[in-house]
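Scroll down for the structure; my scribbles are underneath it.
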Amino acid sequence: MAALFSNLTPRGKALAALLLLIPVPSLGTWMAGAAAEGPVGQVVFGAAKVWVWLLPVVWLMLVDGRRPAFPRPSSRGMLAAGATGIVIFAAIVAGYWWLGREWIDVEFVRSKTEEVGLGTPARYLLGAAGWIAVNSLLEEYVWRWFVFTRCETLMSRYGAVAASGLFFTLHHIIALDVYFDWRVTVLGSLGVFIGGATWSWLYLRYRNIWAAYVSHVFADVAVFGIGWFIVFG
């Protein structure tokens, strides 16, 4: 792998890394949610997840020739995480309360929740806990550390904030479209972009994923809390 990209400039390597990673989550989400629902789609979705999780660290070690580092969180970063997380949490709840209740097809969401195996309270809580604790952290590692820093090589810092937020949003648009009508998809996608850009800014400011992760957890708690209310409320 190192030899394949050894002749590229830093900008060329950054672009190659983005091209290898960014389309994959959208492909996996589209296959599982629309093109091939069932075992085939789930296999493709799982393979896409593994690719997205492994590529950054493999790239770091084999192409960049560096070892993973784990910067510690800072107290200021945690304060910023809490502040942004509370604002995002409140915005998600307010968006649902004022608009989502009228726009969301409750029975359809319940049926899709059953299809993915989260139709009982115990399974839903277990899935939510795993998503909040693990998936959110992995997303920050991929989209804020890896994708943002590659974008930063190609453009200005704040351009990278916007670009990484946009790239993070792409596969969420597909996922939202599976469950909701176009109004919720548009509103939700805007929210995902704002969240992604906010977490990229936190990474830019504090240079570790922990602040972004804590802020991200607030968002996922709000989403799964609303989901609980819709499915079991």
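The values are calculated or read from the model by the stated rules, or taken from the named source; none is laboratory data. Keep in mind that what you see is a predicted model, and the values were worked out from it rather than measured. Heads up, the Cβs are rebuilt from the backbone with ideal geometry, glycines too, and the neighbour counts pull from every protein chain shown. For the accessible areas, the whole protein counts, side chains as well, though only heavy atoms, and no ligand, DNA or RNA atoms are used. Shrake-Rupley method; radii C 1.70, N 1.55, O 1.52, S 1.80 Å.
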In the stretch 183-226, the trypsin sites (Lys or Arg not before Pro) that sit in a DSSP loop and have at most 13 other Cβ atoms within 10 Å of their own Cβ are R207
Among A94, A14, A163, which one shows the highest mean-square fluctuation when the chain is modelled as a Gaussian network with alpha-carbon springs under 10 Å?
A94
Taking a ≥ b ≥ c as the square roots of the Cα gyration tensor eigenvalues, with a/c under 1.5 meaning rounded and otherwise prolate when a/b beats b/c, else oblate, which class fits the stretch 1-103?
oblate
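So if we plug the beta-carbon distance of L154 and W103 into 1/(1 + (r/R0)^6) with R0 = 35 Å, what FRET efficiency do we get, rounded to 0.05?
That gives a FRET efficiency of 0.40.
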Residue by residue through the stretch 55-60, the couplings from Karplus 6.51 cos²θ - 1.76 cosθ + 1.60 with θ = phi - 60°, in Hz, x for Gly and Pro, are 3, x, 6, 5, 4, 4
If you put +1 on each Lys and Arg Cβ and -1 on each Asp and Glu Cβ, how big is the dipole of the stretch 50-124 around its Cα centre, in Debye rounded to 20?
520
Cα Rg, Dmax (largest Cα-Cα span) when computed across the stretch 1-52, Å
14.2, 42
Give the separation of the Cα centroids, the stretch 1-77 to the stretch 176-233, in Å.
20
For the stretch 64-138, the fraction of alpha-carbon pairs in successive 5 Å shells from zero, as %
3, 11, 10, 16, 20, 15, 9, 8, 5, 2, 0
HN-Hα couplings for the stretch 96-108 via Karplus (6.51, -1.76, 1.60; θ = phi - 60°), in whole Hz with x for Gly/Pro, come out as 5, 5, 8, 10, x, 4, 7, 9, 8, 7, 4, 5, 5
Taking the Cα centre as origin and putting +1 on Lys and Arg beta-carbons and -1 on Asp and Glu beta-carbons, what dipole magnitude results for the chain, to the nearest 20 debye?
1040
Of S136, Y124, G159, which is farthest on the positive side of the dipole of the stretch 111-220, counting Cα position, with +1 on Lys and Arg Cβ, -1 on Asp and Glu Cβ, and the Cα centre as origin?
G159
Regarding the stretch 51-193, what are the three Cα extents along the principal axes, ordered largest first, in Å?
51, 30, 30
Shape of the stretch 142-196 from its Cα gyration tensor (a ≥ b ≥ c, root eigenvalues): rounded if a/c is under 1.5, otherwise prolate when a/b > b/c, or oblate?
prolate
Mind telling me which of G196, G65, G38 comes out most flexible in a GNM of the chain, alpha-carbon contacts under 10 Å?
G65
Whole-percent carbon and sulfur share, accessible surface of the stretch 114-233, 1.4 Å:
72
Rounded Å value of the spacing that divides the Cα centres of the stretch 124-164 and the stretch 78-109
19
What's the extension gain from V43 to W131 if we count 0.36 nm per residue and subtract their Cα-Cα distance?
29.8 nm
Applying the gyration tensor rule to the Cα atoms of the stretch 126-233 (axes a ≥ b ≥ c; rounded if a/c under 1.5, else prolate if a/b exceeds b/c, else oblate), the class is oblate
Take the chain, connect every pair of alpha-carbon atoms lying under 10 Å apart with a spring to form a Gaussian network, then pick out the residue of S75, S200, S215 with the largest mean-square fluctuation.
S75
